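Peer 1: Just dropping this structure here.
The values are calculated or read from the model by the stated rules, or taken from the named source; none is laboratory data. Remember, predicted model here, so these are calculated numbers, not experimental data. Backbone-built Cβ (ideal geometry, glycine too); neighbour counts: all protein chains shown. Protein only, heavy atoms only, side chains kept; ligands, DNA and RNA dropped before computing areas. Shrake-Rupley method; radii C 1.70, N 1.55, O 1.52, S 1.80 Å.
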Amino acid sequence: IIYTSDHPVPPLPEVGLFNYLFPEKPGDSPLQQFDPSIPAFIDGATDRTVTRGELKETSLRLATGIRALGLKRGDVACLWGLNSIEWALAAYGCMAAGLTVSPANYAYGPPEVAHQVNNSGTQVIFIEPSLLPTFDAARPLLKRQFPASRVILLCEPKDKPFPSQYKALGEIMGQPGKAARFDGKDSRMTAWLCYSSGTTGLPKGVMTSHHNMTSQLQAVNVAYQNLKSGEDVVLGILPFSHIYGLTVVLLQPTTVGVPVVILPRFEEIAVLSAIEKYRITHGLIVPPVVIVLLHSKNVAKYDLSSVKTFMSGAAPLSAEVTEQFNKRIPHIALTQGYGMTETSPVSHCTTGDENVEPGWVGRILPTFEARLVKEDGEDAKEGERGEIWMRGPSVMMGYHDNPEATAKTMDGDWLKTGDVLIRRDDGHYKVVDRVKELIKYKGFQVPPAELESLLLQHPQVVDSGVIGIWDDSQATELPRAYIVASADTTDKDSLAKEVATWVASKVANHKRLRGGVIVIDAIPKSPSGKILRKDLREQAKKE
Ligand code: AYL
């Protein structure tokens, strides 16, 4: 049984992402074109504004500068920093130059960023100056040398650290060039390379083509985010380096002429005052932010009357939390989306204007097709649980340089998501379980395989299994490690503590073992040696 959307499929362009956003000739884009004087991005801390006209011109000037560095269409750029106007400009400049952009998580340490830079084949890195020491620490792990010309700082020239061997973004610009073209078949070339562990193993580069992304933006415009130019303003706190912030915050508002107020991270007072100051109408958030707002004493102190919608996605939002939120802030519609990096990302959402049951993720977006497959391979019937498989023009081209992982994840052109959903007769879906390894801490991916192999490097850990423990109070999973201690271990409690601290010193903040470290006698395994995470989860319930 194949399910589709009730919405008609919008036009799906076969053109490069940049020319879809800023067409060069008629026929490049189905999008309405807007006044160049409308703001595209506003820095929520400094008020600095970039208009649509400036965004386009700066991107085309950057394209010339990027080409002058010897880079060409299809080469890979890594973008590394917190959300900022410079980050946004660098991203649009790379798109104009036709580079594949691989955005890295700000919190990454040297081994994590080295994995992504090496695996993606990054040739140029755009980096926030505060991360230079981390990058220098990663250099010995890199396969490629990065001469000073291939390291570009994400800051204004006046804010460059002094002395600096590197140029700031504004210092590499040339005369406005032309955007690289990706017509027809070329629209299947990789535009974005975000990293996701998928259903198993280490983070892999998800090849999101120009066509994948333009199809997603077309679908989102019809069915996900109803934004109107001249009326709406979007809150830009979700990291642009994760597909959620990238697609729905960095790119989609530009398609409809709506400004984004950029803030580097979620900080309660900064967000509330930005909402009041800029009359923000739409917030893209994750469940832990809903919890903060729910319990915040500050919500009443700010004027949030401009807000129409908060869309929560990337992790489960329960019925209880939704109901509490609706009671506390009734004028804001709290909607929910579901999707994954591999679907560019949104495949399901509620829209706020229909009578949806709280805790459900709504209907399928146009362009997507879905199947619900039971463990025995049969189709799930109404109300029955099944793994959801997705198909359509926004499903990734595959994992970069990893045909084995691609083959395991795809069944023909169907993507096996590893998520278990139920579907009601009226086309609404609810996420009820996850059958893949992935843990999510506040919407960020925590691949257990990565933590498990790290744990084995600890001299007193002989085996390990990592799972997520649900924490209601923060509406997130917390990564927990079960470890087997070496025979010479005398004090298991202090080992557990020591291992948690040791891991924290080696991984990005969101991967810390906040769910604890527990020493056990043996890690439950299948006869083939696979960790039986289900058994660990059962054990956790008993503790
Ligand atoms: P990735 N409820 C439960 N689990 C979810 C939900 C949800 N609403 N959304 C995503 N997930 C889980 O690639 C699920 O296990 O996400 C899925 O396979 O980092 C995994 O997260 C994907 O992790 C939205 C809604 C963006 C979702 C997204 C996708 C974020 C990318 C915008 O409105």
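Peer 1: Between beta-carbons, use under 13 Å as the cut-off and find the net charge around ILE152, counting Lys and Arg +1, Asp and Glu -1.
Peer 2: -1
Peer 1: Would you report the distance distribution of C-alpha pairs in region 128-225 as whole percents per 5 angstrom bin, up to the bin with the largest distance?
Peer 2: With a bin width of 5 Å, the distribution comes to 2, 10, 12, 12, 16, 17, 16, 10, 4, 0.
Peer 1: Name the residue from ASN119, ALA223, PRO129 whose Cα lies farthest towards the positive end of the charge dipole of region 80-231, charges +1 on Cβ of Lys and Arg and -1 on Cβ of Asp and Glu.
Peer 2: Farthest along the dipole direction, towards plus: ASN119.
Peer 1: When Rg is the radius of gyration of the Cα atoms in region 1-73 and Rh is its Kirkwood radius, what does Rg/Rh come to?
Peer 2: 1.11
Peer 1: Evaluated at 37 °C with a viscosity of 0.692 mPa s, what Stokes-Einstein diffusion coefficient in µm²/s does region 458-517 have when Rh comes from the Kirkwood expression over alpha-carbon pairs?
Peer 2: 272 µm²/s
Peer 1: How high is the relative contact order of region 65-150? Use alpha-carbon pairs under 8 Å, at least six apart in sequence, and give a whole percent.
Peer 2: Computed value for region 65-150: 35 percent relative contact order.
Peer 1: Let me ask something else about it. Can you list residues from other chains, or at least 5 along the same chain, whose modelled amide H is less than 5 Å from the amide H of LYS167?
Peer 2: So LYS167 has HN proximity to LEU153.
Peer 1: I've got another one for you. HN-Hα J couplings of region 200-212 from phi, Karplus 6.51/-1.76/1.60, θ = phi - 60°, integer Hz, Gly and Pro as x?
Peer 2: These are the phi-based 3J(HN,Hα) values: 7, x, 7, x, 10, x, 8, 7, 9, 7, 4, 5, 4 Hz.
Peer 1: Also, I was wondering about something else. Using the Kirkwood formula on the Cα atoms of region 265-378, what hydrodynamic radius do you get, in angstrom to one decimal?
Peer 2: Values: mean 1/r = 0.0654 Å⁻¹.
Result for region 265-378 stands at 15.3 Å.
Peer 1: Is region 230-276 best put as rounded, prolate or oblate by its Cα gyration tensor, with a ≥ b ≥ c the root eigenvalues, rounded for a/c under 1.5, and otherwise prolate when a/b is larger than b/c, oblate when not?
Peer 2: Oblate, because a/c is 1.5 or more while a/b does not exceed b/c.
Peer 1: What Kirkwood hydrodynamic radius do you get for region 432-538 when you take the inverse of the mean 1/r over all pairs of distinct Cα atoms, in Å?
Peer 2: On the way: mean 1/r = 0.0713 Å⁻¹.
So the Kirkwood estimate lands at 14.0 Å.
Peer 1: To one decimal place, what orientation-averaged projected area in nm² is obtained for the convex hull of the Cα set of the chain?
Peer 2: Details: hull surface 101.7 nm².
Mean shadow area of the hull around the Cα atoms is 25.4 nm².
Peer 1: With an 8 Å Cα cut-off and a minimum separation of 6 or more residues, compute the relative contact order for region 407-517 in percent.
Peer 2: After rounding, I find 20 percent.
Peer 1: How big is the dipole moment of region 108-171 about its Cα centre under a simple scheme where the beta carbon of each Lys and Arg is +1, that of each Asp and Glu is -1, and everything else is neutral? Debye, nearest 20, please.
Peer 2: Charge dipole of region 108-171: 260 debye, to the nearest 20.
Peer 1: Can you give the Rg and Dmax of region 187-343 based on its C-alpha atoms, in angstrom?
Peer 2: Cα-based Rg and Dmax for region 187-343 come out at 16.0, 49 Å.
Peer 1: Under 1.5 on a/c is rounded, so check that first for region 182-274, then, if it is not, pick prolate when a/b is larger than b/c and oblate when it is not; a ≥ b ≥ c are the square roots of the alpha carbon gyration tensor eigenvalues. Don't jump to the answer; show the numbers that get you there.
Peer 2: Values: a/c = 2.64, a/b = 1.30, b/c = 2.03.
Oblate shape, in that a/c is at least 1.5 and b/c is the bigger or equal ratio.
Peer 1: So for each of 499-507, 70-78 I average, over its residues, the number of other beta carbons within 10 Å; can you give me the resulting order with the highest mean first?
Peer 2: Taking the mean over residues of other Cβ atoms within 10 Å, the ranking is 70-78, 499-507.
Peer 1: Please report the antiparallel percentage of the DSSP beta bridges confined to the chain, to the nearest 5.
Peer 2: Taking every DSSP beta bridge with both residues in the chain, the antiparallel ones total about 60 percent.
Peer 1: In whole Å, what are the extents of region 1-41 along the principal axes defined by its C-alpha atoms, from largest to smallest?
Peer 2: Projected onto its principal axes, the Cα set of region 1-41 covers 48, 21, 15 Å.
Peer 1: Rounded to the nearest percent, how much of the accessible area of region 225-286 (1.4 Å probe, protein heavy atoms only) is carbon and sulfur?
Peer 2: 55 percent
Peer 1: Quick one: accessible area per residue over the chain, 1.4 Å probe, rounded to a whole number of Å²?
Peer 2: Value for the chain: 40 Å² per residue.
Peer 1: While we're looking at this one, here's another question. Using the alpha carbons of region 36-103, what is the convex hull volume per residue in cubic angstrom, as a whole number?
Peer 2: 76 Å³
Peer 1: Got a sec to turn the phi values of region 498-506 into Karplus ³J(HN,Hα) couplings, 6.51 cos²θ - 1.76 cosθ + 1.60 with θ = phi - 60°, whole Hz, x for Gly and Pro?
Peer 2: 3J(HN,Hα) across region 498-506, in whole Hz: 5, 5, 4, 5, 4, 4, 4, 6, 10.
Peer 1: Let me ask another. Using modelled amide H (1.01 Å from N, peptide plane; none on Pro or chain starts), what sits under 5 Å from the amide H of THR51, excluding residues fewer than 5 places away?
Peer 2: For THR51, the qualifying residues are ALA40.
Peer 1: Could you tell me which of TYR429, GLY53, LEU202 has its Cα farthest along the dipole of the chain towards the positive end, charges placed at Cβ (Lys, Arg +1; Asp, Glu -1), taken about the Cα centre?
Peer 2: Going by the Cα projections, it comes out as GLY53.
Peer 1: Additional query: Take every Cα pair under 8 Å in region 246-396 that's 6+ residues apart, average their separations, divide by the length, and report that relative contact order as a whole percent.
Peer 2: 15 percent
Peer 1: Mind putting together the pair-distance distribution for region 1-147? All Cα pairs, 5 Å bins, whole percent per bin, short to long.
Peer 2: 2, 9, 15, 17, 17, 14, 11, 8, 5, 2, 0
Peer 1: Here's something else I'd like to know. In whole Å, what three semi-axes, largest first, describe the equivalent ellipsoid of region 354-464 built from its Cα gyration tensor (square root of 5 times each eigenvalue)?
Peer 2: 30, 18, 14
Peer 1: What number does region 418-469 give for Rg over Rh if you use C-alpha atoms and the Kirkwood radius?
Peer 2: The Rg/Rh ratio comes out at 1.19.
Peer 1: Please list 3J(HN,Hα) in residue order for region 177-185, calculated via the Karplus relation 6.51 cos²θ - 1.76 cosθ + 1.60 where θ = phi - 60°; whole Hz, with x for glycine and proline.
Peer 2: Listing the rounded values in order: x, 10, 6, 4, 9, 9, 7, x, 4 Hz.
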